[in-house]
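S.K.: What follows is a structure written as structure tokens; I'll ask about it next.
Bear in mind that the values in this text are calculations on the coordinates, not laboratory data. What you see is a predicted model; the values in this text were computed from it and never measured. Ideal geometry is used to build each Cβ from the backbone, glycine not excepted, and the neighbour counts take in all protein chains shown.
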Amino acid sequence: MKKVVLMLLVMMMTMSAFAQTASKADKTGEEFFLGKWELLVEGLPTGDAKMLLVVEKTADGKYKGTIGGTDGSGISPLTKIVIEPKTMTVNFNGQGFDVPLYLDKDKGETVTGSMNDMFDVTGKPFVEKK
């Protein structure tokens with residue numbers, strides 16, 4: 001009987017471990033879009049730019065975030081955040097203009113979209129370098 005209980009316990013722990021390791025790719029909405037994203041904006045007049053998008057949920061259930069350079073420069077707060085199951089729209093103030101950024105869940109853990117309906121954007125979860 002002890003062996004049966006032990007086997008059940010091991011099976012439950014194994015199943016729990018697999019459930020916890022589900023990748024971001026299997027998630028949608030908040031589970032997918034919340035966090036830090038490394039974005040590549042292509043075709044800007046000054047050339048392609050890497051940006052860091054950070055989206056969080058506050059204790060009162062509202063979204064907040066920032067966008068700026070991956071080196072921490074030029075950070076602007078997000079003025080609007082809308083998260084749907086497979087898309088996220090954020091707005092921020094860029095050089096005095098309200099700039100929309102649209103991101104769609106792509107293959108795996110990546111996103112694609114556009115900035116200001118003019119510039120292509122691709123992105124992946126940001127990984128801190130140690």
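S.K.: Could you please report the charge total around Gly94, scoring K, R as +1 and D, E as -1 over all other residues with beta-carbon less than 14 angstrom from its beta-carbon?
M.R.: -1
S.K.: What does the net charge come to around Lys57 if you take all other residues with beta carbon closer than 10 Å to its beta carbon, with K and R at +1 and D and E at -1?
M.R.: -1
S.K.: Moving to a separate point now. Report the charge-dipole magnitude of region 44-130 in Debye, nearest 20, computed about the Cα centre from +1 at each Lys and Arg Cβ and -1 at each Asp and Glu Cβ.
M.R.: The dipole magnitude comes to about 280 debye.
S.K.: Cα gyration tensor of region 22-130, axes a ≥ b ≥ c as square roots of the eigenvalues: rounded (a/c below 1.5), prolate (a/b > b/c) or oblate?
M.R.: Here region 22-130 falls in the rounded category.
S.K.: Could I have the simple spin-label model distance between Glu56 and Asn91, label points 7 Å from Cα toward Cβ, reported in nm to one decimal?
M.R.: Distance between the two pseudo-spin positions: 2.3 nm.
S.K.: Give me the extension gain from Asp71 to Thr110: residue separation times 0.36 nm, minus the current Cα-Cα distance, reported in nm with one decimal.
M.R.: 12.0 nm
S.K.: Now, a different point. Looking only at region 59-95, which residues have a backbone nitrogen under 13 Å from a spot 7 Å from the Cα of Met118 in the C-beta direction?
M.R.: 94-95
S.K.: Order of 58-67, 82-91 by packing, highest average Cβ count within 10 Å first?
M.R.: Averaged packing, sorted descending, gives the order 82-91, 58-67.
S.K.: Counting Lys +1, Arg +1, Asp -1, Glu -1, what net charge surrounds Gly113 among other residues with beta carbon under 12 Å of its beta carbon?
M.R.: -3
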